[in-house]
Amino acid sequence: MSTPTTIMQPKTCTVTRVLVDATVEITPPSYAYRYWRTTPEERQADLERWVKEFQAFLRDHRSQDANILSVVPVYENRCSACDREYEPAMYADTPDGHPTAERPAIHEGCAWCGALREKGGA
Ligand SMILES: [Zn+2]
């Protein structure tokens, strides 16, 4: 993250949770990844192998397995001032927002545009 830009006129923003995408997750039968007996690396390798087999199976058959398919919404916190993904930064009551010994950084704001976050919201 770059350092906060100069704040000429203190502006404010709100943060809202925005739907930005949706993906599908599948939970395979547990034999596919031997959960209790493997490391995360082994599980990933097992699952990649299983996905290849499963895709081949779906191409050739009508599946009777109880595979759980889930649509997973993907959310992002957005800054209302610049419409980018909100990343918090701390600002002080100084002309440029940078803290000094007397005026510490006490306001949370958007790291991208420097808008100070209003109370409330997401
Ligand atoms: Zn912003």
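Any read-out appearing in this document is the output of simple, stated calculations on the displayed coordinates, not a laboratory observation. These numbers come from a predicted model, not from an experiment. Cβ placement follows ideal geometry from the backbone for every residue including glycine, while neighbour counts extend to all protein chains displayed.
Ranked by the mean number of other Cβ atoms within 10 Å of their residues, highest first, the peptides 42-49, 90-97, 105-112 come out as 105-112, 90-97, 42-49.
Residue separation of I26 and E42 scaled by 0.36 nm, minus their Cα-Cα distance, works out to 3.9 nm of gained length. Count Lys and Arg as plus one, Asp and Glu as minus one, and take only other residues whose Cβ is under 12 Å from that of K52; the net charge is then -1. Here the Karplus relation 6.51 cos²θ - 1.76 cosθ + 1.60, evaluated at θ = phi - 60°, turns the backbone of region 50-58 into coupling constants of 5, 4, 4, 5, 5, 5, 5, 4, 4 Hz, with x for every Gly and Pro.
Sorted fewest first by neighbouring Cβ atoms within 10 angstrom, K11, K119, K52 come out as K119, K52, K11. A full extension of the chain between Y75 and Q55 corresponds to an added length of 4.4 nm, given 0.36 nm per residue minus the alpha carbon distance.
The stretch between R34 and E108 holds 22.2 nm of extra length on full extension. This uses 0.36 nm per residue minus the Cα-Cα distance. For V74, what charge total do you get from the other residues with a beta carbon under 12 Å from its beta carbon, if Lys and Arg give +1 and Asp and Glu give -1? Around V74, the surrounding residues sum to -3.
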